[in-house]
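Worksheet: the structure to be examined is printed underneath.
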Amino acid sequence: MHVTLEYLAIGVMLVLFISVAFNVVNDVVKQLEHVREEQLYTVAERIMDKILLTPGYPLDWGRDFTNEITDFGLALYGARSPYELDPDKVMRLANLTTLPNPLLVNSTEIAELLGIKDEYGFCLEMHPLLSHEVEVLDHYPTPGAITPDLPSRINVSLFNWYGVRVPGANVTGIYVLTRVWPGSEEIDYEVLVESCVTNARGFCILDYEDELKDYFSTTPPGHAHWYSAFIILHTNWYGFVAVDGYTEPPEPGAPVTGYIIGDYIFINRTVEGLEGAIITRDEVLQALPEYAGLLQITSIEWLNETETPLGAVIPSSEDYAIGRIEYIEKLSSHVFVFGKWRGSPIVVVIDRLPHIDIAYSTHEARPANMVTLTRIAHLYNYPYIVKVSIWRLVEGWP
């Protein structure tokens, strides 16, 4: 009997000992995991500050194509306030699916410059705080013109950073109707302005039918001009401002996008660029309604392969028409380049507020632990959301 009780006592003590030991180990593991999370958060903060608060080296590496980048940072060198981004550096991260960036700094290069290659994975997302989606509802037939009909009614949907529609925003649509004489580089334009407020479903309609009718009522019939149009959208939502540019492609798949990096313009090789472009003067746009001084015509010098100094930087220029812009405002968020494509006039919209989505990883598995930080920076004085996610490569990626 006493032996049985002794065995029972020893068994109870063993169970208690194992239970206590398990709890102690579990507590230690939780504390260690908490420390690992804190360390990962520290790494994420360091990376975010490095990206947004330092200019990198060379200090103007966005415009300096000839020297090797030895340090990565997107801050505008010499800026008077923090979180101001350099537009040329941001543009070197953009990569349009319709036209690859000839001067792209890819995710592997960024990871190496940040000193996290082969140790940490990351996602870098950069988007305007507000973005627009445009749908053309109706067209106006251009009398006597040899060009397609012009958009007259457009539906504008407004989305926030999370992709949710935004009601109650004031949208101003600045419709720029351009006229080009075939065989000439002379450009003339007329500015039409309409405003609306997004409804509960986050969209509104801009109607230019009457303005276009008034404009063409004074145009003599039979004039064979090239007419084209682009629209500048300026939105104010409780003090948060966004700007966007839109043009309707002459047909699906038309190359209506491009890049401006430094003083150079890159568009699709199939577009025959004219020597003219219109730039937005955003310091005027931000002080609406001074529409008269909003736009400025500038010239473009298109370069052949022997003239361009980028030959040593761009592996192949077969896909690009490269031009040097005569003048561009520091705060110009959009540039509209005029050209011909398959015999028809075309407007190429170069958006200098690009959407950036970059990911670096060596695995495909989802990480067990990841830290995400979000900051608001500014590009051309417009709010620009920057989101950085960091994880250990040994734990996979999202």
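Looking only at the range 86-105, count how many residues are polar (S, T, N, Q) and in contact with a strand residue (DSSP E or B) (Cβ under 8 Å, 6 or more places away or on another chain).
Summing the residues that are polar (S, T, N, Q) and in contact with a strand residue (DSSP E or B) (Cβ under 8 Å, 6 or more places away or on another chain) in the range 86-105 gives 2.
Since Ile154 meets every condition but one in (1) at pLDDT below 80; (2) in contact with a strand residue (DSSP E or B) (Cβ under 8 Å, 6 or more places away or on another chain), which condition does it not meet?
Ile154 satisfies all of (1) at pLDDT below 80; (2) in contact with a strand residue (DSSP E or B) (Cβ under 8 Å, 6 or more places away or on another chain) except (1).
Mind checking which residues of the range 108-142 are within 20 Å of Thr247 (Cα to Cα), in contact (Cβ under 8 Å) with a residue 40 or more places away in the chain and surrounded by fewer than 17 Cβ atoms within 10 Å (Cβ to Cβ)?
Within the range 108-142, Val136, Leu137, Asp138 meet the criteria.
Residues to consider are His378, His363; find the one that is out of contact with any Lys or Arg (no Cβ under 8 Å at 6 or more places or on another chain), at negative phi and modelled with pLDDT of 80 or more.
Of His378, His363, the one residue that is out of contact with any Lys or Arg (no Cβ under 8 Å at 6 or more places or on another chain), at negative phi and modelled with pLDDT of 80 or more is His378.
Can you tell me which of Gly73, Gly62 is touching a helix residue (DSSP H, G or I) at 6+ places or on another chain (Cβ under 9 Å), at pLDDT 95 or above and assigned to a loop (DSSP other than H, G, I, E, B)?
Selected residue: Gly73, the only one of Gly73, Gly62 that is touching a helix residue (DSSP H, G or I) at 6+ places or on another chain (Cβ under 9 Å), at pLDDT 95 or above and assigned to a loop (DSSP other than H, G, I, E, B).
Can you give me the number of residues within the range 134-166 that are among the charged types (D, E, K, R), assigned to a strand (DSSP E or B) and under 28 Å from Phe338 (Cβ atoms)?
Looking only at that region, the number is 3.
Cβ contacts < 7 Å: first residue over 16 Å from Val156 (Cα atoms) and hydrophobic (A, V, I, L, M, F, W, C), restricted to the range 191-215; second residue at pLDDT 95 or above and not in a strand (DSSP E or B), any location; separation 6+ or different chain. Result?
As it stands, the answer is Leu192/Tyr208, since those pairs meet every condition given.
Give just the number: which of (1) more than 14 Å from Ile110 (Cβ to Cβ); (2) in contact (Cβ under 8 Å) with a residue 24 or more places away in the chain; (3) touching a Ser or Thr at 6+ places or on another chain (Cβ under 8 Å) does Ala75 not satisfy?
Result: Ala75 passes all but (2).
Which condition breaks for Asn95 when tested against (1) buried (at least 18 other Cβ atoms within 10 Å of the Cβ); (2) within 28 Å of Gly253 (Cβ to Cβ)?
Just one mismatch for Asn95, condition (1).
With the structure loaded, tell me whether Pro82 is crowded, with 20+ Cβ neighbours inside 10 Å and part of a loop (DSSP other than H, G, I, E, B) or whether it fails that test.
no
Step by step: first the residues of the range 255-275, then only those that are in contact with a Ser or Thr (Cβ under 9 Å, 6 or more places away or on another chain) and β-branched (Val, Ile, Thr), then the one that is surrounded by the most Cβ atoms within 10 Å (Cβ to Cβ). Which residue is that?
In this case the residue turns out to be Ile267.
Give the number of residues within the range 323-357 that are under 13 Å from the mean Cα position of the chain (by Cα) and without any contact (Cβ under 8 Å) to a residue 60 or more places away in the chain.
Looking only at that region, the number is 0.
Kindly evaluate Tyr246 against the criterion of being among the hydroxyl-bearing types (Ser, Thr, Tyr), modelled with pLDDT under 90, out of contact with any Cys (no Cβ under 9 Å at 6 or more places or on another chain) and within 26 Å of Leu130 (Cβ to Cβ).
It is false that Tyr246 is among the hydroxyl-bearing types (Ser, Thr, Tyr), modelled with pLDDT under 90, out of contact with any Cys (no Cβ under 9 Å at 6 or more places or on another chain) and within 26 Å of Leu130 (Cβ to Cβ).
So is Gly121 within 30 Å of Val394 (Cα to Cα), among the small types (Gly, Ala, Ser), modelled with pLDDT under 95 and in contact with a Lys or Arg (Cβ under 8 Å, 6 or more places away or on another chain) or not?
Answer is yes for this residue.
The values are calculated or read from the model by the stated rules, or taken from the named source; none is laboratory data. Predicted model, so just to flag it, every value in this text is computed and none were measured. Heads up, the Cβs are rebuilt from the backbone with ideal geometry, glycines too, and the neighbour counts pull from every protein chain shown.
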